[in-house]
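K.L.:
Before I ask anything, let me first share the structure, which is written out below as structure tokens.
The values are calculated or read from the model by the stated rules, or taken from the named source; none is laboratory data. Computed from a predicted structure; not experimentally measured. Heads up, the Cβs are rebuilt from the backbone with ideal geometry, glycines too, and the neighbour counts pull from every protein chain shown. Calculation scope for accessible area: heavy atoms of the full protein, side chains included, ligands and nucleic acids excluded. Shrake-Rupley method; radii C 1.70, N 1.55, O 1.52, S 1.80 Å.
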Amino acid sequence: MSGRMANSRPLTPALGRALAGALSRALASTEGRLAVIAVLVFLFMSALAPERFLSLQNMTSMAFQFPEFAILALAMTVTMLTGGIDLSVVGIANLSAIVAATILTTLAGPGDGVAVLALAYAAALAVGLAAGLFNGVLVASLGLPPILATLGSGLIFTGIAIATTGGSAVMGFPPAAAWIGNSTALGIPAPLILFGLLAVAVSLVLTRTAFGVKLRMYGANPLAARFAAIDIDAMLIRVYVLSGALAATAGMVVMSRANSAKADYGSSYLLLAVLIAVLGGVNPYGGYGRVIGVVLAVLTMQFLSSGLNMIGVSNFARELIWGGLLIFVMIVNTWRPGRRRS
Amino acid sequence: MRIDWTRNETLVALVILGFCALAALSDPGFLSVATLTDLLRGGIVLGIFATGALVVLISGGIDVSFTAVAAFTMYVTAMLLNAAMPWMPWWGAIALGMAIGAALGSINAVLIAVMGLPTLIVTLGTLSIFRGFMLTFVGQKQITTLPPGMREFGRMMVIRGENADGSFYSLHAAFLATVAVIVVTWAILHRTMLGRQIFAIGGSVESARRIGIDVRGVQFFVYVYVGMLAGLAGIIHASMARVANPFDLVGLELSVIAAVVLGGARLSGGHGTLTGTVLGVALIVLVRNSLVVIGIPTTWQSVTIGALILLGTGLPAWQAKRAAARAA
């Protein structure tokens with residue numbers, strides 16, 4: 001066997017066909033193409049700076065960095081599946097972080113960090129749910145276009161955060177607050193575990209529940225969904241509530257990692273979250289998108305930015321490359337030469 | 001003249017009047033030439049941006065990259081003129097800026113009109129690309145010594161005067177550029193076949209195609225035109241600020257689109273007026289400059305603008321939804 005492998009001529013055609021088959025199957029789907037791109041980016045960065053990119057230290061630091069905006073991208077994904085968008089995610093994240101931070105700094109005495117931390121997280125989640133409900137009512141009950149409803153509500157959430165803090169950072173947390181953003185369990189960073197759990201949960205909700213089916217059905221064809229007697233208003237409200245809850249969770253990770261909360265943290269995350277969702281194959285007009293695609297898109301972005309960082313490329317070049325990647329993937333996904341688009 | 005209460009323009013005009021009435025009550029000094037010139041000055045760059053955004057919205061698309069086009073243009077133009085062509089007069093600097101803006105706009109145009117990619121995604125991508133390219137390869141430092149042409153333009157005023165209390169007021173010559181942009185855009189939209197075609201493809205791309213409109217050609221024009229206006233706005237911004245800061249402008253794009261939508265343009269395309277756009281810009285500038293006059297602290301500015309957007313777009317949306325429910 002090993003002799004035949006070493007002199008692999010007889011196996012080559014069969015193996016080649018199998019490989020080509022697997023590759024063409026992979027390239028046929030958006031997620032497959034994205035997986036190939038993610039692997040290529042990973043290999044390219046590994047080849048460029050092998051001893052640093054492949055180091056345990058780099059892997060760990062990447063695993064700490066991406067979950068916060070990856071969770072925001074999940075929030076964006078669920079709203080995009082309905083053909084909507086949530087431009088208020090960063091506003092919700094910061095507002096809930098400020099509420100949590102205020103509770104932490106005013107109530108936590110020495111030693112009793114955990115109980116206050118639980119209260120702070122509950123309050124942050126409540127803020128996220130309430131903000132999501134507000135968005136949902138605007139979009140579903142009042143019929144505002146999602147892009148405007150969440151643009152306006154995002155300004156309001158950010159505005160409340162600015163007005164209550166005067167624009168300065170809230171800091172001085174008990175040590176337990178560092179747990180969600182900076183600790184590891186069995187060597188795995190806590191934010192990564194949190195993101196993994198949320199990604200699986202969102203994926204299950206989208207594919208294994210009646211709510212998920214209705215949501216995707218509405219995104220694919222709103223009129224057909226209405227004729228199928230789906231309670232669209234209730235479904236849309238739940239979508240934005242889910243998005244708000246995810247945004248508040250991302251806010252908790254950001255707060256813990258920064259060890260403070262501020263009204264203008266993560267302002268660049270908004271476009272990044274949209275970019276990741278679209279890069280992950282989510283159709284911004286609704287109806288199609290898978291969590292696995294979003295995860296692959298997040299990994300691709302993180303490999304790119306860490307790798308580029310290592311070879312000394314500035315943050316601004318990262319922005320350039322992200323934009324270029326987005327357009328490249330869109331061209332690969334939608335443009336077929338010779339076929340006129342209707 | 002009959003007043004149509006269901007139009008956004010009416011609503012925004014009423015809010016502006018109410019705001020001014022409140023401001024005048026709490027501070028009689030509000031109703032002065034100085035306030036007016038301040039507001040007009042604040043609307044110069046925003047007005048040009050908004051006019052461009054209106055044309056894109058009418059055509060059924062959306063462009064979020066225009067602020068990056070403007071920042072790129074002002075920075076590159078200032079650098080280019082300083083290095084190679086310091087003799088260039090002010091109108092030369094403006095022409096060069098409009099050309100650079102149009103060139104960047106044509107990149108959007110190729111991706112959208114020729115390749116048929118979705119407008120939001122393309123312009124989101126080019127926003128990062130233009131800004132990233134400028135900051136990586138051109139520079140990140142402010143240019144504090146502008147080329148002579150731009151400096152000369154920065155000093156040009158249409159009106160200059162002194163108030164009774166001895167304070168000075170002035171209106172920058174760039175205000176005329178904004179007026180010219182609005183007039184030219186009005187003429188294109190309402191006095192040319194091209195304008196009708198922009199409305200037509202915004203209403204329904206398929207119908208427009210079937211009556212023989214060159215949809216790609218019209219879309220191409222729209223994105224090049226917006227790029228050109230953004231280039232102009234960039235040069236004006238730098239000349240008025242007397243510095244080319246590459247970190248300026250980007251971040252304004254959603255507020256500009258909000259101003260246009262407040263004025264009644266629809267994101268779904270085919271609808272929008274210049275009157276509404278001007279009113280929307282006026283309201284945003286008013287809130288930014290004078291919120292404190294009616295007793296609201298400036299830290300609440302963003303809450304106020306957000307609430308106005310929700311109110312301005314929510315009322316018509318809610319009315320439409322009720323009308324649809326009655327009809328069904």
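K.L.:
Taking each residue of B:300-308 in turn, how many C-beta atoms of other protein chains fall within 10 Å of its C-beta, and what is the average?
P.N.:
Working: counts 4, 4, 12, 9, 3, 5, 12, 5, 2.
Mean shielding count: 6.
K.L.:
Quick check on packing: order A:118-129, B:225-236 by the mean number of other C-beta atoms within 10 Å, highest mean leading.
P.N.:
On the way: A:118-129: 19.5, B:225-236: 29.3.
With the highest mean Cβ count within 10 Å placed first, the list reads B:225-236, A:118-129.
K.L.:
Let me ask you something else. For segment B:44-50, what does the Karplus curve 6.51 cos²θ - 1.76 cosθ + 1.60, with θ = phi - 60°, yield as ³J(HN,Hα) per residue in whole Hz, taken in order and with x for Gly and Pro?
P.N.:
4, 5, 4, x, 5, 4, 5
K.L.:
For A:R208, put the label point 7 Å out on the Cα→Cβ axis and report which residues of segment A:281-298 keep their amide N under 12 Å from it.
P.N.:
Inside the label zone: nothing.
K.L.:
Expressed as cubic angstrom per residue, what is the convex hull volume of the alpha carbon set of segment A:251-342?
P.N.:
Details: hull volume 13.1 nm³, N = 92.
Cα convex hull per residue, to the nearest whole number: 143 Å³.
K.L.:
Starting from one equal scatterer on each C-alpha and no solvent at all, send me the Debye-based log10 I(q)/I(0) for the protein assembly as shown at q = 0.05, 0.07, 0.08, 0.09 Å⁻¹, two decimals.
P.N.:
For the protein assembly as shown at q = 0.05, 0.07, 0.08, 0.09 Å⁻¹, log10 I(q)/I(0) is -0.25, -0.50, -0.65, -0.83.
K.L.:
Same structure, new question: How large is Rg/Rh for segment B:149-242, to two decimals, with Cα atoms and a Kirkwood Rh?
P.N.:
Details: Rg = 19.2 Å, Rh = 16.0 Å.
That ratio is 1.20, to two decimals.
K.L.:
Cα-Cα pairs above 37 Å in chain B: how many percent?
P.N.:
Values: 9904 of 53628 pairs.
It works out to 18 percent of all Cα pairs.
K.L.:
Based on the alpha carbons, how large is the Rg to Rh ratio for segment B:218-328 when Rh follows Kirkwood? Present the calculation step by step, with values, prior to reporting the outcome.
P.N.:
Values: Rg = 17.1 Å, Rh = 16.4 Å.
On the Cα set of segment B:218-328, Rg over Rh gives 1.04.
K.L.:
When ranked by the protection proxy of mean other Cβ atoms within 10 Å per residue, highest first, what sequence do the peptides B:34-40, A:226-232 form?
P.N.:
On the way: B:34-40: 17.3, A:226-232: 12.4.
The peptides rank, most packed first, as B:34-40, A:226-232.
K.L.:
Okay, moving on. Is segment A:121-174 rounded, prolate or oblate when judged by the Cα gyration tensor, a ≥ b ≥ c being the square roots of its eigenvalues, rounded requiring a/c under 1.5 and prolate requiring a/b larger than b/c?
P.N.:
Working: a/c = 4.09, a/b = 1.79, b/c = 2.29.
Oblate shape, in that a/c is at least 1.5 and b/c is the bigger or equal ratio.
K.L.:
I would also like to ask the following. May I ask you to rank B:F221, A:F328 by accessible area, largest first, using a 1.4 Å probe over the protein chains only? It would help to have the intermediate numbers written out before the result.
P.N.:
On the way: B:F221 60, A:F328 110 Å².
Of B:F221, A:F328, the descending order of accessible area is A:F328, B:F221.
K.L.:
On to the next question. Which value, in Å² rounded to 10, gives the accessible area of B:H190 with a 1.4 Å probe and all protein chains present?
P.N.:
70 Å²
K.L.:
Please report the buried accessible area for the interface of A with B, total over both chains, probe 1.4 Å, in Å² to the nearest 100. Could you put the intermediate results ahead of the total?
P.N.:
Numbers: alone 16800 and 15720 Å², together 28790 Å².
Chains A and B together bury approximately 3700 Å².
K.L.:
Continuing with this model, one more query. Test of understanding: in a Gaussian network model of chain B with alpha carbons linked when under 10 Å, which of B:F133, B:F220, B:F175 would top the mean-square fluctuation ranking?
P.N.:
The residue with the greatest mean-square fluctuation here is B:F133.
K.L.:
Separate question: List the residue ranges in chain A for DSSP H helices whose C-alpha atoms run 24 angstrom or more along the long axis and whose Kyte-Doolittle average is 1.6 or above.
P.N.:
Going by DSSP H runs, the hits are A:30-48, A:89-107, A:113-136, A:190-208, A:291-310.
K.L.:
Next question. Running Debye on segment B:66-183 with equal point scatterers at the Cα sites and no solvent, what base-10 log of I(q)/I(0) appears at q = 0.10, 0.22 Å⁻¹?
P.N.:
-0.42, -1.23
K.L.:
With runs of 4+ DSSP H residues as the only contributors, calculate the mean residue ellipticity of the protein assembly as shown at 222 nm using -39,500 (n - 2.57) per run, divided by the residue total and rounded to the nearest 500. If you can, show how the numbers build up before the last one.
P.N.:
Values: 30 runs with 472 residues, N = 670.
After summing the helix terms and dividing by the residues of the protein assembly as shown, the value is -23500 deg cm²/dmol.
K.L.:
Relative contact order for chain B: what is it in percent, counting Cα pairs under 8 Å that are at least 6 residues apart?
P.N.:
Numbers: 517 pairs, mean separation 112.6, N = 328.
The value is 34 percent.
K.L.:
Just flag the trypsin sites (Lys or Arg not before Pro) in segment B:1-68 sitting in loop per DSSP whose Cβ has no more than 14 other Cβ atoms within 10 Å. Kindly include the intermediate steps, with their values, before the conclusion.
P.N.:
Details: sites: B:R2, B:R7, B:R41; in loops: B:R2, B:R7.
Counting only loop positions with at most 14 other Cβ atoms within 10 Å, the trypsin sites (Lys or Arg not before Pro) in segment B:1-68 are B:R2.
K.L.:
Rg to Rh ratio, chain A, alpha-carbon atoms and Kirkwood radius? List each step's numbers first, then the result.
P.N.:
Working: Rg = 22.0 Å, Rh = 21.5 Å.
Reported Rg/Rh (Cα atoms, Kirkwood Rh): 1.02.
K.L.:
Please enumerate, by chain and number, the aspartates and glutamates with C-alpha under 18 Å from the C-alpha of A:K262, excluding those fewer than 8 residues away in the same chain.
P.N.:
A:E68
K.L.:
For peptide B:136-146, what's the mean number of Cβ atoms from other chains within 10 Å of each residue's Cβ?
P.N.:
Details: counts 9, 3, 0, 0, 2, 0, 0, 0, 0, 0, 0.
Counting Cβ atoms of other protein chains within 10 Å of each residue's Cβ and averaging gives 1.
K.L.:
Given springs between every Cα pair under 10 Å in a Gaussian network model of chain A, which of A:T77, A:T60, A:T249 has the largest fluctuation?
P.N.:
Result: A:T60 has the largest fluctuation of those listed.
K.L.:
Another question, if that's okay. Summarise the long-distance tail of P(r) for segment B:1-132 by giving the % of C-alpha pairs beyond 19 Å. Numbers along the way, then the final one.
P.N.:
Numbers: 5675 of 8646 pairs.
It works out to 66 percent of all Cα pairs.
K.L.:
Rounded to a whole number, what % of the accessible area of segment A:223-342 do carbon and sulfur atoms account for, probe 1.4 Å?
P.N.:
Working: 2840 of 4830 Å².
Exposed carbon and sulfur together represent 59 percent of the surface.
K.L.:
When all alpha-carbon pairs of segment A:69-150 are counted, what percent fall beyond 21 Å? Please report the intermediate quantities before stating the final value.
P.N.:
On the way: 1265 of 3321 pairs.
Here the tail beyond 21 Å accounts for 38 percent of pairs.
K.L.:
Using a 1.4 Å probe, how large is the accessible area of A:V295, given in Å² and rounded to the nearest 10?
P.N.:
The accessible area comes out at roughly 30 Å².
K.L.:
A further question follows. Probe radius 1.4 Å, ligands and nucleic acids left out: which of B:M98, A:M171, A:M330 has the largest accessible area, and how do the rest follow?
P.N.:
On the way: B:M98 50, A:M171 125, A:M330 20 Å².
The ranking, largest first, comes out as A:M171, B:M98, A:M330.
K.L.:
Using modelled backbone amide H atoms (1.01 Å from N, in-plane), which distant-in-sequence or interchain residues come within less than 5 Å of B:H172's amide H?
P.N.:
B:V158
K.L.:
Going by amide H atoms built from the backbone, whose H comes under 5 Å of the H on A:T184, apart from near neighbours?
P.N.:
Correct list: A:A190.
K.L.:
Over the whole of B:113-120, what's the average partner chain Cβ count within 10 Å per residue? Rounded to a whole number, please.
P.N.:
Numbers: counts 0, 1, 7, 7, 7, 6, 0, 6.
Partner Cβ neighbours, averaged per residue: 4.
K.L.:
Right, here's the next one. Could you rank the peptides B:198-206, A:98-106 by their average count of other C-beta atoms within 10 Å per residue, with the highest value first? Walk me through the numbers before you get to the answer.
P.N.:
Numbers: B:198-206: 19.3, A:98-106: 21.8.
Ranked by mean Cβ neighbours within 10 Å, highest first: A:98-106, B:198-206.
K.L.:
How much area per residue is accessible in chain A when the probe is 1.4 Å and only protein heavy atoms are counted (Å²)?
P.N.:
Working: 14950 Å² over 342 residues.
Averaged over the residues of chain A, the accessible area is 44 Å².
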